[in-house]
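The values are calculated or read from the model by the stated rules, or taken from the named source; none is laboratory data. Keep in mind the model is a prediction, meaning the values are calculated, not measured. FYI the Cβ positions are ideal-geometry reconstructions off the backbone, even for glycines, and counts take in every protein chain you see.
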Amino acid sequence: MGSMEALYYEKKGDGKVNCLLCPHRCLIAPGKSGRCRLRRNDGGTLSALSYGNTVTVAVDPIEKKPLYHFMPGSSILSLGPNGCTLSCDHCQNWNISQVEAPVTFIPPEKLAALAKESGSIGVAFTYTEPLLWIEYLLDAAPMLASEGLKSVVVTNGYINEEPGRRIASEIDAFNIDLKGFSEDFYRKYCGGSLEPVKRFIVTAAGHAHVEVTTLVIPGLNDSPGEIEALSRWLGGVSREIPLHLSRFFPRFRMSGAQPTSAEILKRSHEIARRFLDYVYIGNIFIDGTESTFCPDCGEEAVTRSGYEVEMHGTGGICPRCGTRIKGVWE
């Protein structure tokens, strides 16, 4: 298949269509595509070109998404489309999100069998920007649920309000990129804006398990003031949302930049911990920043070493004081 009529658009004059999936709201002339390359005006009808066309298929540890509070220690079938709604200068997967790459069609009705064959808990729609697959996600998620399997979405959260509400109600867990905490950063380095992402984090947190990732880039989004503002805002949504502060490595249009130092990450971790119960550092080993500690008594509840996980106690209950650790544990 690979193509179908898209959801969320309206027809305009002169055969043009207005895509309403993401905040770019591309006005697309006949024969042309939107900024994402995956939604095209075919004779006045908006086509979702990428339906089920995955750029890669793999089985990953759930911790790689990263999701630390959702079915820890499990593996999950992972796939994603060949496109993105943003154009980040620092994109870590630019070779499959920003340029055309070979794809393979996987119909939604085959996903459950593939997940079970691989021993996965379900399917993660990830790697690039899976919200571009909204038609596919809305077909696949109920099929997976009917087989007792989970649906996970790893996303930049750049989506309009109505489709955002609809997809949030169908998915079990999200990891949402909060790329920085200023409109200037989003505009200059991502080709987008901050407010729609904040709105989607709030929406998703009202329906599903949510964790948030910020790629910390030296000199661009790592100031103590910005990390504090980001963490304070996220803590206002819920102190229990896990935040992953990830180390930046030079990629794509920022190939000449410097990777994030351990000192910057440790400083950011200390700031964020004032506002959030669960803060982690990723893409680098810093002792004490991978494992989960009880927010009440400080006891280690989950020990992590890379993708190796050891649970202490049962079902996300602190083994010392009995406090329930936020998450989906089994």
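Identify the residue in the range 216-250 that is within 11 Å of Ile271 (Cα to Cα), out of contact with any strand residue (DSSP E or B) (no Cβ under 9 Å at 6 or more places or on another chain) and in contact (Cβ under 8 Å) with a residue 12 or more places away in the chain and, among all such residues, is surrounded by the most Cβ atoms within 10 Å (Cβ to Cβ). Once the filter is applied, the top-ranked residue is Glu226.
With respect to being closer than 28 Å to His207 by Cα, touching a helix residue (DSSP H, G or I) at 6+ places or on another chain (Cβ under 9 Å), among the basic types (Lys, Arg) and surrounded by 15 or more Cβ atoms within 10 Å (Cβ to Cβ), Arg273 fits the description. With modelled with pLDDT under 95 and under 30 Å from His207 (Cβ atoms) as the only criterion, which of Gly322, Gly306, Gly316 stands out? Unique residue meeting the criteria: Gly316.
Taking the range 276-309 as the range and being free of Cβ contacts under 8 Å to residues at least 24 places away in the same chain, surrounded by 13 or more Cβ atoms within 10 Å (Cβ to Cβ) and assigned to a strand (DSSP E or B) as the test, the residues that pass are Phe293, Glu300, Thr303.
Conditions (1) buried (at least 20 other Cβ atoms within 10 Å of the Cβ); (2) outside any loop (DSSP other than H, G, I, E, B), marked per residue:
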position: Leu79; (1), (2): yes, yes
position: Gly83; (1), (2): yes, no
position: Cys88; (1), (2): yes, no
position: Glu100; (1), (2): no, no
position: Val123; (1), (2): yes, yes
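Within the range 82-98, one or more residues are without any contact (Cβ under 8 Å) to a residue 24 or more places away in the chain, in the same structural domain as Glu135 (by TED's automatic domain parsing) and farther than 25 Å from Ile171 by Cα.
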